[in-house]
Amino acid sequence: MTAPLLRIENLSVEFGPRANPIRVVDDVSFEIEAGGSVGVVGESGSGKSMTSLSILRLVPEPPGRISGGRILFDGADLLALPRNQMPDIRGRDVAMIFQEPMSSLNPVMTIGDQIGEAILLHQDLNSAQRRKRVLELLRLVGIPDPAGRIDAYPHQFSGGMRQRVMIAMAVACNPRLLIADEPTTALDVTIQAQVLALLKDVRQRLGTAILLISHDLGIIADSCERVVVMYAGRVVEEGDVRSIFRNPAHPYTRALLKSIPRLDDERDRLYQIPGSVPLAGSVTQGCAFRARCPLRVETCAVDRPPLFAFGPSHKAACWVTAEAAQARSAAEASP
Amino acid sequence: MNAQASTRPAPVAEPLIRAEGLSKVFSSKTGLGFGGKRADVRAVDTVSLEVARGETLAVVGESGCGKSTLGRLMLRLIEPSAGKVLYDGEDLTQLSPRGMRAMRRHVQMIFQDPYGSLSPRRSVADIIAEPMGVFGIGSSARERREMVADLLTQVGLPPRYMDRYPRQFSGGQRQRIGIARAIALGPSFIVADEPVSALDVSVQAQVINLMQDLQQKRGLSYLFIAHDLAVVRHIADRVAVMYLGRIVEMGPKDAIYRTPHHPYTQALLSAAPEPDPDRPSRRIILQGDVPSPTNMPSGCAFSSRCPLAQDICRQERPPLRDELPGHQVACHFARPNPIPV
């Protein structure tokens, strides 16, 4: 078995005073294989974005800080690297795209110059070669008439086209990992479909591993092989996409899947999860979902559940469902 | 439910509210100084629709399609450029300012962002009781506080929270406060503009279910504006799909979801990612962007992206006409599930 491309181990991120910190990412671990696609799904305050920002050490410091854990990229701990080496990693090995492409683009630079700059930082090409490469990239991400658009400015592009430009910039140096944080949340649904198809295409053609952060279970089901479900800063379930959507093991994942409206759904009434998402860092003891959980028992208030195995590549952090699964397999084992 | 009763021609029962040929043109100047050209945007273009008592009509479309402008026109929060809005037979667009104020008792709005629409400096009790005072509901402040307590209970919030401020509530709770304010005067018709799209996924179902409960208890009519077809599936009786200011398809919910007749409706339905990894990918991916409303394609507004477009589509604008009873489509090639997948 080969080592994963990226392995996050026991990552914690805290905000506020060290004496009384708010822990927004709490002991998070997962990994991505080379060329793989992993989706991190969660609601507000789940810590999904802070986890992804930690990989490139983009957590705003202060008030935030990475307070524990390791992030191994190709075996090397990114958190142990000297700070001045991070720019070499960003863009060349790991690239990132964000929700709002307009705020990530320079409004007074042509998109050709911006993509060219990304190339210039990591590759030794002269300006004619760079321009040729930019045209190739614009073609790759499906910008119509690349030669006519290369000297245009960001405001001359629509939201969907800007996100294509961001993707072109991100893949300019053939990174091995592309982190996409809510890449389609600001886009209309027909444009979202185009961008998701493009990300799949990039992964297939260039072999780029993709870490997709989203609140939308539909997007995750559509685009990812593995899924990490986060709640209140913690990983509550992790597995291959089929296990997560067919046999969810954590009560939160189950409730979330039941509560979302579906197009093919004939129910008159939606299942509703009581209460609201806890504030980041407000749960310090026991299971973070217990206040809203229909299955909670006394243990849940006291002991934080570890991730229990529910299958060869499926884990969930729930005392109750883990015990039930164990009892079931014990019953199946005895005649 | 009442879909049959509200179809054309000549509905048996008069609808509660009806828009006839409603249009809104926004003018803006492009370029600098006196030489600038005027660019007109037809945000809403001759839209006619009706909502029966106790019915929910969902208006669905992407950004810039004019759905929010339509919602505001229905309540005369903005003035229409043409057309009328008849509430119980009375034309809202002709009412005097005083007449319109009195009308506000009957027609109300729920906004997308409960944060932006609730004053941060006022307690929940003040926010909800203010319109009651204006309309002389409740004889004293004390009686109004009791009514606020009752309203909070109806929207699922503990009455003891009434002296708190909006910032002390979660997003879902704030939307409940917005709903309590909207129903405080006992309206019959509510425009809800993307009421759940700013909420966490796990909280959306609570608010949708609450709106349905209140509708049943109070016989409310909703115009429910959304960009998400999955969300409205649960609450709509009928659905209107908008594209660039026009309704391109309107009909009973089941007809829209099972046998969409307009290629845009079908693309919209197929583009929504479903939380099911085994669903075969039958996605229709439209090419290109939504055209700029200042530079509309001639003929059918959808023709520049439509996989079925022929010459006639670029020349002649298709009228919205009945394909089936109560099911209207604006397409030269309207037929069930037009794009083969």
Filtered residues of region B:229-252 (kept if basic (Lys, Arg), touching a residue at least 40 places away in the same chain (Cβ under 8 Å) and within 12 Å of chain A (Cβ to nearest Cβ)) = none
Residues of region A:15-41 satisfying the condition of being surrounded by fewer than 22 Cβ atoms within 10 Å (Cβ to Cβ) and of a type in the set (Asp, Glu) | A:27, A:31, A:33
Would it be correct to say that residue B:113 is modelled with pLDDT under 90 and of a type in the set (D, E, K, R)?
-> yes
Would you point out the residue of region A:144-172, among those that are within 14 Å of another protein chain (Cβ to nearest Cβ) and buried (at least 21 other Cβ atoms within 10 Å of the Cβ), that is nearest to residue A:91 (Cα to Cα)?
-> A:165
Considering residues of region B:259-296 that are of a type in the set (Val, Ile, Thr), more than 9 Å from every other protein chain (Cβ to nearest Cβ) and touching a residue at least 40 places away in the same chain (Cβ under 8 Å) only, the residue nearest to residue B:47 (Cα to Cα) = B:294
Matching residues in region B:98-121 (charged (D, E, K, R), surrounded by fewer than 11 Cβ atoms within 10 Å (Cβ to Cβ) and either in contact with a Ser or Thr (Cβ under 6 Å, 6 or more places away or on another chain) or assigned to a loop (DSSP other than H, G, I, E, B) (or both)) number 1
Which numbered condition trips up residue A:267, out of (1) more than 30 Å from residue B:257 (Cα to Cα); (2) out of contact with any Asp or Glu (no Cβ under 9 Å at 6 or more places or on another chain); (3) among the basic types (Lys, Arg)?
-> (1)
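Looking for whichever is touching an Asp or Glu at 6+ places or on another chain (Cβ under 9 Å), within 11 Å of chain A (Cβ to nearest Cβ) and not in a loop (DSSP other than H, G, I, E, B) here; the options are B:225, B:256. Which one fits?
On inspection, the qualifying residue turns out to be B:256.
With within 24 Å of residue A:172 (Cα to Cα), in a helix (DSSP H, G or I) and touching a residue at least 12 places away in the same chain (Cβ under 8 Å) as the only criterion, which of A:35, A:39, A:112 stands out?
Details: A:35 fails: in a helix (DSSP H, G or I); A:39 fails: in a helix (DSSP H, G or I).
When all the criteria are applied, what remains is A:112.
The rows are residues; the columns are (1) closer than 23 Å to residue B:63 by Cα; (2) in contact with a strand residue (DSSP E or B) (Cβ under 8 Å, 6 or more places away or on another chain); (3) of a type outside the set (Ser, Thr, Tyr); (4) not in a loop (DSSP other than H, G, I, E, B).
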residue	(1), (2), (3), (4)
A:165	yes, no, yes, yes
A:174	no, no, yes, no
A:178	no, yes, yes, yes
A:186	yes, no, yes, no
A:196	yes, no, yes, yes
A:205	no, no, yes, yes
Some residue of region B:293-314 being in contact with a strand residue (DSSP E or B) (Cβ under 7 Å, 6 or more places away or on another chain) and farther than 22 Å from residue A:189 by Cβ = yes
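Which of the residues that make up region B:156-177 are within 27 Å of the chain's Cα centre (by Cα) and within 10 Å of residue B:128 (Cβ to Cβ)?
Our first condition is that a residue be within 27 Å of the chain's Cα centre (by Cα); within region B:156-177, this holds for B:156-157, B:166-167, B:169-177.
Passing the criteria: only B:177.
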Can you confirm whether region A:306-314 contains a residue that is at pLDDT below 95, closer than 30 Å to residue A:201 by Cα, in contact with a strand residue (DSSP E or B) (Cβ under 6 Å, 6 or more places away or on another chain) and not aliphatic (A, V, I, L, M)?
-> yes
Run residue A:199 past the list (1) under 14 Å from the mean Cα position of the chain (by Cα); (2) farther than 15 Å from residue A:96 by Cα and report the number of the one that doesn't hold.
-> (2)
Selected residue (criterion: farthest from the chain's Cα centre (by Cα)) from residues of region B:80-94 that are at pLDDT 95 or above and assigned to a loop (DSSP other than H, G, I, E, B) | B:81
Select from region A:8-24 the residues that are more than 13 Å from the chain's Cα centre (by Cα), modelled with pLDDT of 95 or more and not charged (D, E, K, R) and list them in ascending order.
-> A:10, A:11, A:12, A:13
Hits in region A:173-220 (condition: closer than 17 Å to residue B:274 by Cβ, more than 9 Å from chain B (Cβ to nearest Cβ) and of a type in the set (Gly, Ala, Ser)) | A:214
Go through the residues of region B:184-194 one by one and say whether even a single one is hydroxyl-bearing (Ser, Thr, Tyr) and within 14 Å of chain A (Cβ to nearest Cβ).
-> no
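The values are calculated or read from the model by the stated rules, or taken from the named source; none is laboratory data. Just so we're clear, the structure is a prediction, and the values are computed from it rather than from any experiment. Positions of Cβ are backbone-derived with ideal geometry, glycine not excepted, and every protein chain shown enters the neighbour counts.
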